[in-house]
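Working notes, beginning with the structure itself.
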Amino acid sequence: MSFVYPDAIVSTAGHVDHGKTQITYALSGTWVMRHSEEIKKAMTIKLGYTQIGIYDCGEEYFYTDGILRDGKCPDGGEPKLLRRISLLDVPGHEVLVATMVSGAAVVDGAILVIDSSQPVPQPQTLEHFAVLDIIGVRRLVVAQNKIDLVTKEKAIENYEQIKSFLAGSWAEGSKVVPISALHKINIDALATHIAKTIPRREVELGKPARFLVLRSFNTNPPGTPPEKLRGGVLGGTLTEGVLKIGDEVEIRPGLKIDKPKPGYQPIYTRVLGIEYSGFKVDEARPGGLVGIMTGLDPALTKADSLSGAVVGTPGTLPPVWTSIEVETKPMPKAIEGRLEPFKQNETVLTAAGSATVFGVVQTVKKDMVTIALKKAICVEQKSKVVIIRQIKNRWIVTNYGVIRGGTTVLE
């Protein structure tokens with residue numbers, strides 16, 4: 001089968017342990033929770049992503065890779081590929097919600113996963129839903145999961161709670177699909193509504209290339225001899241333009257330096273390979289999640305060292321900020337009770353673009369907060385920012401805003 005480029009990115013969202021990773025597996029046939037710490041804790045810590053094909057078998061609902069039978073339609077016929085979509089599996093644990101923010105910053109739509117055996121909404125359901133609102137996601141399908149664990153009456157009650165939760169919001173009227181991800185029940189219906197609800201991304205190929213790094217890897221096994229070492233791999237998404245094998249690229253913020261004066265130095269490298277979930281291609285286009293093989297020293301990319309960076313045509317990337325002035329607003333519905341004002345020297349998490357970094361509040365003037373960042377970020381001025389604060393020993397998404405100024409070290 002010839003390769004078809006992914007045309008949209010769909011993110012999972014929802015409370016911890018409601019089945020986001022299981023749904024990704026049911027749709028794709030790929031288990032994205034690969035890290036030992038994640039398996040031990042049974043939670044997704046790092047972003048996982050994969051691709052799904054959506055196929056027409058001449059029936060009422062569409063099929064995906066995870067539910068086709070040995071790549072064939074139920075009647076044994078050849079499935080017709082309609083489109084390909086990238087799935088981004090995000091964490092739901094409260095401490096790790098900032099990782100969800102960084103991943104959600106690039107998505108075209110979302111699957112809100114809700115456990116039908118629990119009251120609606122749960123705390124991270126609220127937080128993720130609010131974040132999707134702030135970053136502008138307007139296409140949503142709700143997966144009412146684990147219907148195999150409840151009675152028909154309980155499932156209907158939970159369904160009504162979901163509809164009530166969505167009422168009056170941007171997502172009112174979104175399709176709610178009862179499923180069991182574990183037993184792959186109704187996954188075809190879920191896939192169909194994903195395909196019909198989330199449109200193809202409009203691709204801008206004529207602009208300079210810009211790539212947001214969500215993950216970075218050293219793919220060399222321990223003990224690999226120097227002559228067989230492969231360069232570092234960057235995983236993420238192209239937001240505009242085209243990247244081709246052989247292209248020179250700039251990476252920001254780059255390397256932190258102390259001389260001749262403290263600051264950051266961009267990294268330059270070349271694209272040596274491009275891969276979409278096992279499909280090797282000659283160029284990357286906007287609309288999906290892709291791995292970029294580079295000439296970088298793999299020590300620079302190991303353990304997500306470059307996650308949050310921006311890659312693109314040299315000389316076209318946004319400024320690099322070491323502090324930001326943010327005009328903030330409280331997050332609607334995200335927390336209960338009164339929100340305390342920001343305090344000087346308070347430690348916060350800030351998420352902008354694909355970068356999520358710690359910072360320290362320097363000054364507070366009405367709605368304007370200045371935050372010194374522990375690690376520089378590369379974003380445009382007026383970019384949206386989400387702020388995560390520690391409230392009663394929990395990290396909670398409390399505020400959002402827009403960058404109005406700050407300190408730049410690279411223009």
Exercise. Take the residues in region 90-114 that are crowded, with 22+ Cβ neighbours inside 10 Å and either modelled with pLDDT of 85 or more or not assigned by TED's automatic domain parsing to the domain that holds Ile52 (or both), then tell me which one is nearest to the chain's Cα centre (by Cα).
Key: Ala110
Self-check item: region 120-146 residues that are touching a residue at least 60 places away in the same chain (Cβ under 8 Å), paired with ones that are of a type in the set (D, E, K, R) and assigned to a loop (DSSP other than H, G, I, E, B) (beta carbon under 6 Å, 6 or more apart)
Solution: Leu126/Lys333; Ala130/Lys333
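Residue check: is Leu87 of a type outside the set (D, E, K, R), assigned to a strand (DSSP E or B), farther than 25 Å from Val357 by Cβ and at pLDDT 85 or above?
Details: of a type outside the set (D, E, K, R): yes; assigned to a strand (DSSP E or B): yes; farther than 25 Å from Val357 by Cβ: yes; at pLDDT 85 or above: yes.
Yes.
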Quiz item: Failed condition for Arg138, given (1) buried (at least 18 other Cβ atoms within 10 Å of the Cβ); (2) not in a helix (DSSP H, G or I), with all others met?
Solution: (1)
Exercise. Of the conditions (1) modelled with pLDDT of 80 or more; (2) surrounded by fewer than 13 Cβ atoms within 10 Å (Cβ to Cβ), Val10 clears all except one; give me its number.
Key: (2)
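How many residues, within region 354-379, are under 20 Å from Leu234 (Cβ atoms) and part of a loop (DSSP other than H, G, I, E, B)? Walk me through it before giving the result.
Taking region 354-379 and keeping what is under 20 Å from Leu234 (Cβ atoms), we get 354-357, 375-379.
In the following step, the residues that additionally are part of a loop (DSSP other than H, G, I, E, B) were identified as 354, 379.
Looking only at that region, the number is 2.
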Quiz item: List pairs: first in region 344-359 and over 22 Å from Val106 (Cβ atoms), second crowded, with 23+ Cβ neighbours inside 10 Å, Cβ under 7 Å, 6+ apart or cross-chain?
Solution: Val348/Gly359; Val348/Ile371; Val348/Ile387; Val348/Ile388
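If you check Arg394 against the conditions, is it modelled with pLDDT under 90, exposed (fewer than 14 other Cβ atoms within 10 Å of the Cβ), within 27 Å of Ser169 (Cβ to Cβ) and not β-branched (Val, Ile, Thr)?
Details: modelled with pLDDT under 90: yes; exposed (fewer than 14 other Cβ atoms within 10 Å of the Cβ): yes; within 27 Å of Ser169 (Cβ to Cβ): yes; not β-branched (Val, Ile, Thr): yes.
Judged against the criteria, Arg394 is a match.
Residues are listed down the side, and each one gets a yes or a no for (1) more than 26 Å from Phe279 (Cα to Cα); (2) modelled with pLDDT under 95; (3) surrounded by 13 or more Cβ atoms within 10 Å (Cβ to Cβ):
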| site | (1), (2), (3) |
| --- | --- |
| Gln161 | yes, no, yes |
| Asn218 | no, yes, yes |
| Gly235 | no, yes, yes |
| Leu238 | no, yes, yes |
| Gly246 | no, no, no |
| Pro253 | yes, no, yes |
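Do the conditions hold for Gly168, that is, is it part of a loop (DSSP other than H, G, I, E, B) and under 29 Å from Leu81 (Cα atoms)? If you could, list the steps in order and put the result at the bottom.
Numbers: part of a loop (DSSP other than H, G, I, E, B): yes; under 29 Å from Leu81 (Cα atoms): no.
Judged against the criteria, Gly168 is not a match.
In region 143-154, how many are assigned to a helix (DSSP H, G or I) and surrounded by fewer than 18 Cβ atoms within 10 Å (Cβ to Cβ)? Before you say what the answer is, go through the steps one by one.
Step one: of region 143-154, the residues assigned to a helix (DSSP H, G or I) are 147-149, 152-154.
Filter once more, keeping what is surrounded by fewer than 18 Cβ atoms within 10 Å (Cβ to Cβ): 148-149, 152-154.
Here the count works out to 5.
Here are some residues: Gly263, Gly308, Gly273. Which one is crowded, with 20+ Cβ neighbours inside 10 Å and not hydrophobic (A, V, I, L, M, F, W, C)? Let's see the steps before the verdict.
On the way: Gly263 fails: crowded, with 20+ Cβ neighbours inside 10 Å; Gly273 fails: crowded, with 20+ Cβ neighbours inside 10 Å.
The conditions single out Gly308.
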Quiz item: Hey, does region 156-168 have a residue that's in the same structural domain as Gly29 (by TED's automatic domain parsing), free of Cβ contacts under 8 Å to residues at least 40 places away in the same chain and within 29 Å of Thr239 (Cβ to Cβ)?
Solution: yes
Quiz item: Looking at region 385-411, which of its residues are closer than 24 Å to Asp133 by Cα and among the aliphatic types (A, V, I, L, M)?
Solution: Val385, Val386, Ile387, Ile388, Ile391, Ile396, Val397, Val402, Ile403
Quiz item: Taking region 332-346, which residues are within 16 Å of Trp395 (Cβ to Cβ) and at pLDDT 95 or above?
Solution: Glu346
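The values are calculated or read from the model by the stated rules, or taken from the named source; none is laboratory data. Note that the structure is predicted; figures quoted are calculated from it, not measured. A quick note on method: Cβ atoms are made from the backbone with ideal geometry, for glycine too, and the neighbour counts reach across all protein chains shown.
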